[in-house]
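What follows is a short report on a single structure.
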Amino acid sequence: MIGFTNKLTGRMGNRLFQYHFMRQLSKKYELETFHLNIPDNIWFESMEEKKLDWNPFRKKVKFKSNEIIALGKDSFLNKIQQAKIEKKVIVLEPPLLGDFFYDYLFFDPNECIQIKEIYKNSNLTKSDNSINIAIHFRGTDFETWNKDAILDLDYYINAIDFSIKFYKDSKLDFYLFTDDLSLDTYTKIINYLEYKNIDFYLGDMSKEPIYDFYTMSECDVIISSPSTFSIWAGVLGKRKKIIH
């Protein structure tokens, strides 16, 4: 078995990365999983709590983030294989974040993480010649965490102009998503699209964020932010082009 005895850290995007790391390993080595309740289980399949039955004779092996990184991928995978042979319970200790943990891609992430069918609802245009382009803006805690993570206006304008040129023979529909309606770049891009007479639609923050997330995941292009919410919308759903 493999899983977590501690709660996953961070918001939805960070939790998805940690859960995905565990699921990739569990599928590769055909191991059952266990974990505490993951808040995102209301939106995603199979994230409800899976308890590890208490057994005083069961041997465990624990891996912290820094230990996994220090081992390197090949050595770590060898230890997972050995733990399976020895029938040990593998306990992963979050946070499991950083580029090292994103490199465990043995299967399509869509096999590991699925949005529940009831939340697969979007207002995307579906015409044959229409290209749907999502634009994501992240504000809120980015202001205190790292101001440079809030991308500037030029990034978005350049990405929009590039998309228009790249898809010059297609109809483009832009979809704007944000967690911060007061964000300066968000309001200025709305003004820019209106000035250029470009069709666009706004995400609805009055609804659960999973609806915006699903719509983003089904777009043809994402003009991304450094937010893990936006990054996962790029990973899941249809194959797409991403400006990042």
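The values are calculated or read from the model by the stated rules, or taken from the named source; none is laboratory data. For clarity, every value in this text was computed on a predicted model and none was experimentally measured. Using ideal geometry, Cβ is built from the backbone for each residue, glycine included, and neighbour counts are taken over all protein chains shown. These area figures cover heavy atoms from the full protein model, side chains too; ligands, DNA and RNA do not enter into them. Shrake-Rupley method; radii C 1.70, N 1.55, O 1.52, S 1.80 Å.
Loop exposure criterion: chymotrypsin sites (Phe, Trp or Tyr not before Pro), DSSP state outside H, G, I, E and B, at most 15 other Cβ atoms within 10 Å. Applied to the chain, the longest stretch between such sites is 108-244. A DSSP coil position with no more than 10 other Cβ atoms inside 10 Å describes the following GluC sites (Glu not before Pro) in the stretch 73-140: GLU86.
For the stretch 1-21, list residues with backbone N below 16 Å from a point placed 7 Å from the Cα of PHE107 toward its Cβ? Those under the cut-off are 1-3, 17-21.
Among the listed pairs LYS64/LYS241; LYS196/LYS238; LYS62/LYS84; LYS59/LYS79; LYS73/LYS238, a Cα-Cα separation exceeding 23 Å is found for LYS64/LYS241; LYS196/LYS238; LYS73/LYS238. Mind pulling up the Rg/Rh value for the stretch 43-87? Radius of gyration and Kirkwood radius, both on Cα. Reported Rg/Rh, Kirkwood definition of Rh: 1.07.
Checking every one of the trypsin sites (Lys or Arg not before Pro) in the stretch 22-66 against DSSP loop status and a limit of 15 other Cβ atoms within 10 Å picks out LYS51, ARG58, LYS59. Amide H contacts of LYS60: VAL89, each under 5 Å away and 5 or more positions distant or on a separate chain (H built 1.01 Å from N in the peptide plane; Pro and chain starts excluded).
Over the stretch 68-129, consider all pairs of different Cα atoms and compute the Kirkwood hydrodynamic radius from their mean reciprocal separation; express it in Å, one decimal. Result for the stretch 68-129, one decimal place: 15.4 Å. Spin-label model, ASN78 to SER170: label points 7 Å out along the Cα-to-beta-carbon direction sit 4.6 nm apart. When THR187, THR215 are compared by accessible surface with a 1.4 Å probe, the order from highest to lowest is THR187, THR215.
At the listed q of 0.15, 0.19, 0.22 Å⁻¹, the Debye profile of the stretch 1-75, built from one uniform point per Cα, gives log10 I(q)/I(0) equal to -0.57, -0.91, -1.18.
Here the mean projected area of the convex hull built on the C-alpha positions of the stretch 128-244 is 7.0 nm². For the stretch 209-244, backbone nitrogen atoms closer than 18 Å to the point 7 Å from LYS116 Cα along Cα-to-C-beta are found at 209-215. Helical content alone sets the calculated 222 nm signal of the chain at -10500 deg cm²/dmol, taking -39,500 (n - 2.57) per DSSP H segment of four or more residues and averaging over every residue. Measuring r between the beta carbons of LEU153 and LYS50 and using R0 = 45 Å, the FRET efficiency lands at 0.50. Bridging of LYS188 to aspartates and glutamates at a Cα separation below 14 Å is possible for ASP152, ASP154, ASP180, once same-chain residues fewer than 8 apart are set aside.
Assuming 0.36 nm per residue, please report the length gained on full extension of the stretch LYS27 to ASP161 beyond their Cα-Cα distance.
Full extension from LYS27 to ASP161 adds 44.1 nm.
Identify which of the listed values of percent of Cα pairs over 33 Å apart was calculated from the structure shown: [x] 12; [y] 19; [z] 28. Label of the calculated value: [z]. With K and R counted +1 and D and E -1, the other residues having a Cβ less than 10 Å from that of ASP220 yield a net charge of +2.
Projecting the alpha carbon convex hull of the stretch 145-188 along each direction and taking the average yields 3.7 nm².
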